[in-house]
């Protein structure tokens, strides 16, 4: 089949590769100048099936609900998120997410090994337990981890410091929970490497091309146009992919408004999907949950070879993570329901700086620190929507929230199987659009 994909983030590139692997003729439309140039640009990098859970957690949902009284336009979505955060509803969704994340990590490992994909990555994940409450939470998690067959070890503070010798020895800790199967990786580098493999399978990319309208049908039609760089930068990030080089098959075919029909269209366009779906009668409750990251090169000191983390660490109290990305360190997290990519709130950045200084003081070249803010397109129940849209010819791979990197490989593989007329390896019922109607 001739298939169009709208969006070239990690999810879109992964979908393009898997569909091309199934033998389809794939064209990707992307409004920016390269792959993974918006929401995927500087995300935290953590892949952790062990700790993945639907967002928001109950305590955070209550906080958002109270804050929503001051944000009337967001209150309806926040109310739905709060209702979905109740324990009896949340448990089943957490199981769905964990199965999806385990499948995704396995598929990612297969791709990395078979295609010899080269991207920055680190193995092992240490949950920092800053107090007795966090220690109790970690101990309660161990039964679930054992049931899921996920390797884990509860550590005392001395063992944490042996595992991560660069960690501040004066940091107050009640120990840690170590998850050796978790990892961190540079998702943008992965997307760039997979793009090359997708092009070898015949995938065509159209950068600086904005899809304005979709007409569902037996032969769904895209209406798209060339949008120069100053117009194509969307609201999802403050950075563009300045390093991309456009091969001949990445250029728009014409600067004029174009109509092009396909056998199927797959929407991976994050927040941009809402405006394309609503005129066709599908109103998805997608909202931007903004997150932050700080990235800086590690200092290279012969006297202190262990500056910075070896793997990835998460602070169970704040929900923030610190990951080693090659020779750089990245701290990420936070959540905002308002704002834009160019508005950096000091109140949101301060916890990231504080965790960095608490855990790895003096480890980075502070003068080269880069800050980033990106949108996590989220649905109120914390699950993505995957598969048929209910509109003829139109398929969805959307709403991964902050888990796009963790779930991309699975969602792409399962979508390609279903779109190709084969039974997906996992049941997609919990991810269908029907639950959102």
### Query
In segment 369-437, which strands (runs of 3 or more DSSP E) lie fully inside it and hold 3 or more residues that are surrounded by fewer than 24 Cβ atoms within 10 Å (Cβ to Cβ)?
370-378
### Query
Among 182, 230, 156, 170, which is the only one that is at pLDDT below 90 and either surrounded by fewer than 21 Cβ atoms within 10 Å (Cβ to Cβ) or touching a strand residue (DSSP E or B) at 6+ places or on another chain (Cβ under 7 Å) (or both)?
230
### Query
Tell me, which residue of segment 4-28 that is surrounded by fewer than 24 Cβ atoms within 10 Å (Cβ to Cβ) and outside any helix (DSSP H, G or I) is nearest to the chain's Cα centre (by Cα)?
27
### Task
Scan segment 323-337 for residues that are within 17 Å of residue 185 (Cβ to Cβ) and not in a strand (DSSP E or B) and report the count.
2
### Summary
If we keep only residues of segment 281-323 that are crowded, with 20+ Cβ neighbours inside 10 Å and free of Cβ contacts under 8 Å to residues at least 40 places away in the same chain, then the residue nearest to residue 75 (Cα to Cα) is 320
### Query
In segment 91-104, which residue that is in contact (Cβ under 8 Å) with a residue 60 or more places away in the chain and within 12 Å of residue 52 (Cα to Cα) is surrounded by the most Cβ atoms within 10 Å (Cβ to Cβ)?
100
### Query
Being within 19 Å of residue 4 (Cβ to Cβ), at pLDDT 90 or above, assigned to a strand (DSSP E or B) and touching a strand residue (DSSP E or B) at 6+ places or on another chain (Cβ under 8 Å), is that true of even one residue in segment 266-285?
yes
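So, in segment 286-318, of the ones that are outside any loop (DSSP other than H, G, I, E, B) and over 29 Å from residue 344 (Cβ atoms), which residue ends up modelled with the lowest pLDDT?
Initially, segment 286-318 is screened for residues outside any loop (DSSP other than H, G, I, E, B), giving 287-298, 301, 304, 312-315.
Next, only the ones that are over 29 Å from residue 344 (Cβ atoms) stay: 301, 304.
Details: 301: 65, 304: 69.
Restricting to residues being outside any loop (DSSP other than H, G, I, E, B) and over 29 Å from residue 344 (Cβ atoms), the top hit is 301.
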## Note on the structure
Of the listed residues (117, 108, 52), the one being assigned to a loop (DSSP other than H, G, I, E, B) and modelled with pLDDT of 90 or more is 117
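The values are calculated or read from the model by the stated rules, or taken from the named source; none is laboratory data. Everything numeric in this text was worked out from a predicted model, so none of it was measured. Every residue, glycine among them, receives a Cβ derived from its backbone with ideal geometry; neighbour counts consider all protein chains shown.
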